[in-house]
Amino acid sequence: MHRILIVEDDEDLVNLSTRWLEREGYTVEYAADGEAALELLAYDPLPTLVLLDVMLPKIDGFELLRRIRADERTKALPVMMVTSFSRDRDAVRGRELGANDYLVKPLHELDFLKRVEHIIKDQ
């Protein structure tokens, strides 16, 4: 069973993406800020994939991604940035920090699910 951690402070988006993912058979957990995400990532088992917003309270997504990649335990954990930042330089920054994919909101169900499936299959 694949478990996905959504790190997102927009409750509507969490509910929507959770509904889509659960319908596909994934188990979903979520954290509303970067600190809560780090707490969840401190325990085993790690999720199969992290869906990470950029604009988050306490610790932003870029910093959280940097910390995930710096930690020996989580450095190989797949991370897809899911954000409203559509500028090329933000996508480049996300990829430079180690994001496996960078998806710009608003989400479109089929594209979103295909990209999640693609990352999980590569593991």
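A straight line joining the Cα centroids of the stretch 85-123 and the stretch 1-77 runs 13 Å. Net charge dipole, the chain: roughly 460 debye, given to the nearest 20, about the Cα centre with Cβ charges of +1 for Lys and Arg and -1 for Asp and Glu.
Its DSSP H runs of at least 4 residues, each contributing -39,500 (n - 2.57), put the calculated 222 nm mean residue ellipticity of the chain at -13000 deg cm²/dmol, to the nearest 500. In a solvent-free Debye calculation with one equal scatterer on each Cα, what is log10 I(q)/I(0) for the stretch 5-112 at q = 0.14, 0.22, 0.24 Å⁻¹, listed in the order of the q values? Taken in order of the listed q values, log10 I(q)/I(0) reads -0.49, -1.29, -1.53.
Charged side chains reduced to their Cβ positions (Lys and Arg at +1, Asp and Glu at -1) give the stretch 68-123 a dipole of some 120 debye around its Cα centre.
In this simple spin-label model, placing a label point 7 Å from the Cα along the Cα-to-Cβ direction at both residue 11 and residue 123 gives a separation of 2.8 nm.
Since every read-out is calculated from the coordinates, none of them should be taken as a lab result. Given the structure is predicted, the values throughout are model-derived calculations rather than measurements. As a convention, Cβ positions derive from the backbone with ideal geometry for all residues, glycine included, and neighbour counts pool all protein chains shown.
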